[in-house]
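The block underneath contains the structure these notes are about, expressed in structure tokens.
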Ligand code: HSE
């Protein structure tokens, strides 16, 4: 990894890091994509006090601590400061002061901890004038993600940084591949108002013994999904959202999931699965209208089947990734 050419440091920055959908059916821990909303904002400024201070939080932050050693924003920002000290980022004040605007729901399966982790690292990078490249941002953000999710997985952090679809070819060494985004592809996402602990959901997977036939099924689906993205073949893409390994293990954690998935597919979804470890559920569609209709349909079914209200999102794939914003959006 190389440090980008240093530019003058900035006094104050505001950054945005988007939500992400991970696994996408067959791609457990290796496939993810970014969506436009929701996402987290972090404001940062330099401080004479060494290290990281979380000076304020708002939004869905009731259950979060301002202790920078126990909040992913602080952990990833501290990793970014250490990286700056180890490289050619140039002179800087001793510390940073951060404010987290936590707009993402916690434990939602939408990459909430990844978004905050990326925002913490990006805020430091942008204060340094945009000092870090993609891989450096991901490495810093993964330190935050690791602290809360019970293991290293980059399928939220990576697309959060880069935007678009990302495939993680290898974790050691880390190698990411950006995949094409079919122009017509739209995504419907519903977040039911219940929580799934990623660490707990990962423990369930780690404890399970899997049949080789199920692994074979997922290999075929994952390869087909990559092919579909390269061909812009939405029908094949949708058919490939099939997970014989992880979804069956985790579906019981999400009340109403089977009914919601059936409703999406009967409503014309190209494909449907859990987002990350859930409870959010996503469906692929071929137009904005279809995506909005599917989100409403899935939300209705969550209410009928499990008594759960939902937040709904419908739109395209975010292709920009986490970024500095000029003013408060
Ligand atoms: N790939 C991770 C998992 C994503 O499924 O555990 C967690 O959001």
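Read-outs: derived from the displayed coordinates by stated rules, not from any lab. Bear in mind that the values here come from a model prediction, so they are computed numbers and not experimental data. All Cβ positions, even for glycine, are placed from backbone atoms using ideal geometry, and neighbour counts span all protein chains on display.
Exposure proxy ranking for 281, 13, based on other Cβ atoms within 10 angstrom of each Cβ and starting from the fewest, stands as 13, 281. From least to most packed, judged by other beta carbons within 10 angstrom and beginning with the fewest, 298, 104, 293 follow the order 293, 104, 298.
Report the residues of the range 35-63 in range of a label on residue 82: point 7 Å along Cα→C-beta, backbone N strictly under 18 Å from it. Only 50-54 fall inside the zone, counting backbone N under 18 Å. Taking Cα atoms only, the orientation of helix 72-86 departs from the longest principal axis of the chain by about 50 degrees.
Put simply, the C-alpha atoms of the range 241-285 give a gyration tensor, and the ellipsoid matching it has half-axes of 16, 11, 9 Å, longest first. With Cα atoms as the point set, the range 17-146 shows a radius of gyration and Dmax of 14.2, 48 Å. Taken as Cα centroids, the range 265-329 and the range 122-201 sit 18 Å apart, rounded to the nearest whole angstrom. Here the sum of -39500 (n - 2.57) over DSSP H runs of 4 or more residues, divided by the residues of the chain, equals -11500 deg cm²/dmol at 222 nm, to the nearest 500. For the range 82-132, the Kirkwood estimate of hydrodynamic radius, built from reciprocal distances between every pair of different alpha carbons, is 12.4 Å. At 0.890 mPa s and 25 °C, plugging the Kirkwood radius over alpha-carbon pairs of the range 186-315 into Stokes-Einstein gives what diffusion coefficient in µm²/s? Translational D for this selection: 164 µm²/s. For the chain, take the longest principal axis of its alpha carbons; what is the angle in degrees between that and the long axis of helix 288-306, to the nearest 10 within 0 to 90? For 288-306 against the chain, the angle is about 80 degrees. Taking other C-beta atoms within 10 Å as the exposure proxy, 207, 290 rank 207, 290 from fewest upward.
When peptides 138-144, 62-68, 156-162 are ranked by their average number of other Cβ atoms within 10 Å per residue, the highest-first order is 156-162, 138-144, 62-68. Ranked by the mean number of other Cβ atoms within 10 Å of their residues, highest first, the peptides 210-219, 166-175, 258-267 fall in the order 258-267, 166-175, 210-219. Over all distinct Cα pairs, what is the inverse of the mean 1/r for the chain, reported as the Kirkwood hydrodynamic radius in Å? Evaluated on the chain, it is 19.8 Å. Relative to the longest principal axis of the Cα atoms of the chain, the long axis of helix 112-127 makes an angle of roughly 30 degrees.
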